[in-house]
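These notes are about the structure you will find just below.
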Amino acid sequence: MKITLKEGIDWVGYVDWTVRDFHGYKTNNGSTYNSYLIRDEKTAVIDAVKAPYVGKLIEHIQALTALENIDYVVCNHAEPDHSGGLPDLMAACPQAELICNAKCKITLEMHYDTTSWKWNIVEDGDSISLGKRTLSFINTPMVHWPESMFTYVPEDKLLFSMDAFGQHYASAFRFDDEESLDVILQEAKTYYANIVMLYGRPVAQTMARAAELDIEMIAPSHGMIWRSHIKEVFEAYQKWVVCKPRPKVVVLYATMWHSTEKMARSILEGAQEYDVEAQLLNVDSTHATRIVTEVLDCAALAIGSPTLNNGIMPSMASVLCYMTGLRPTHKQGFAFGSYGWSKRGGPAEIGIAMEEMKIDMMRAPLRAQYVPTPEILEECRNAGRMLGKYAEQFGRT
């Protein structure tokens, strides 16, 4: 089926319906590897696909033009889900030049045998004419690798945005107005939280540059193409790049003999006395993908674990490792949990991790020995009230 973005510009990528893991990111709705074909006086392919699916990419290209007509292959990002198909694609199009920036060339040479490739190295601001159209290149370092770049077609007001504005989302459709906007924005939020959140500052700088362009369509490397809701996704990104808090509290916990769970539920009860969205998430039943998505825009966060071998529960340690790497910002919160004969571990270890994430600590770790007493549970409610009161203010701003 031919999928046309603009006259002479078509989608030629691959829909991956069954992928469920992307280096730890749970892709419950699959993904797409978007590649695009531009036919003008000269012909260009924008980005390749993951290696196992390059045959489909080549098949889709051949349905529209002969492989010997390909003059350029543009690589906006060297990560293998975009570049894995390049060796076969370049072999199938031996006359084509590989367009990328200098850092991308170095990275590609570390991944593949590129000795037979013809290179066309571009710098930030360079342009290449295809005839009636121009390809303009914008370096976007650390969005989300050092060599990343955008490709912009000013004549069509079309931005090929690489991973920015993308979603891991498989669909029978390609455009944002063919699916529920709420669903697509949620998938974009999940993608941002799990892939890009760490790089908020360079993303914000890239957003500022993109805002200067005249854009009617954004074609990312994953997920739906934006043609009707560009304003909405730009506004969402402006919030996500600063982890803008909402009136939302997340209580995250692991438990062994339900003592820490009782504390977590009491903290939740206290937060629920305020006009906030309060969520209770157990790390043993909630994947880290969802957890960091919920943490992205929460205002207040409580994290709890019992003490196991003078440390925290392994499941909580895994989530904290994942979350610490992504560095959510603009949060306040505290640690809590139970212990037995040793006060080491549990709440203290969580407190250290929260401080490493630059979460503003609202109080010292809240502890219960063995089983929380009614007094401890009331202290938990008071601590939850503190979270709720703090988070509630963001509903009024």
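The values are calculated or read from the model by the stated rules, or taken from the named source; none is laboratory data. Remember, predicted model here, so these are calculated numbers, not experimental data. Cβ placement follows ideal geometry from the backbone for every residue including glycine, while neighbour counts extend to all protein chains displayed.
A few remarks follow.
- Residues considered: LYS389, LYS358. Of these, the only one that is surrounded by fewer than 22 Cβ atoms within 10 Å (Cβ to Cβ) and out of contact with any Phe, Trp or Tyr (no Cβ under 7 Å at 6 or more places or on another chain) is LYS358.
- Of the residues VAL276, VAL250, VAL292, the single one that is under 30 Å from THR206 (Cβ atoms), crowded, with 20+ Cβ neighbours inside 10 Å and in contact with an Asp or Glu (Cβ under 8 Å, 6 or more places away or on another chain) is VAL250.
- Filter pass, ALA66 being surrounded by fewer than 14 Cβ atoms within 10 Å (Cβ to Cβ) and at pLDDT 95 or above: yes
- So THR286, is it within 16 Å of THR190 (Cα to Cα) and either within 23 Å of the chain's Cα centre (by Cα) or crowded, with 21+ Cβ neighbours inside 10 Å (or both): yes
- Residue in segment 131-150 that is modelled with pLDDT of 95 or more, surrounded by fewer than 14 Cβ atoms within 10 Å (Cβ to Cβ), assigned by TED's automatic domain parsing to the domain that holds ASN29 and more than 14 Å from CYS75 (Cβ to Cβ) present: yes
- Counted residues, segment 173-210 - those being touching a residue at least 24 places away in the same chain (Cβ under 8 Å) and either in a loop (DSSP other than H, G, I, E, B) or not assigned by TED's automatic domain parsing to the domain that holds SER228 (or both): 3
- Considering segment 246-356, the qualifying strands (runs of 3 or more DSSP E), each wholly inside and each with 1 or more residues that are modelled with pLDDT under 85, run over 332-339.
- Checking each residue in segment 216-240 for being in contact with a Ser or Thr (Cβ under 9 Å, 6 or more places away or on another chain) and either surrounded by fewer than 18 Cβ atoms within 10 Å (Cβ to Cβ) or not aromatic (Phe, Trp, Tyr) (or both) picks out ILE218, ALA219, PRO220, SER221, HIS222, GLY223, MET224.
- Only residues that are under 20 Å from GLN167 (Cβ atoms) and assigned to a helix (DSSP H, G or I) were counted across segment 211-245, and they come to 11.
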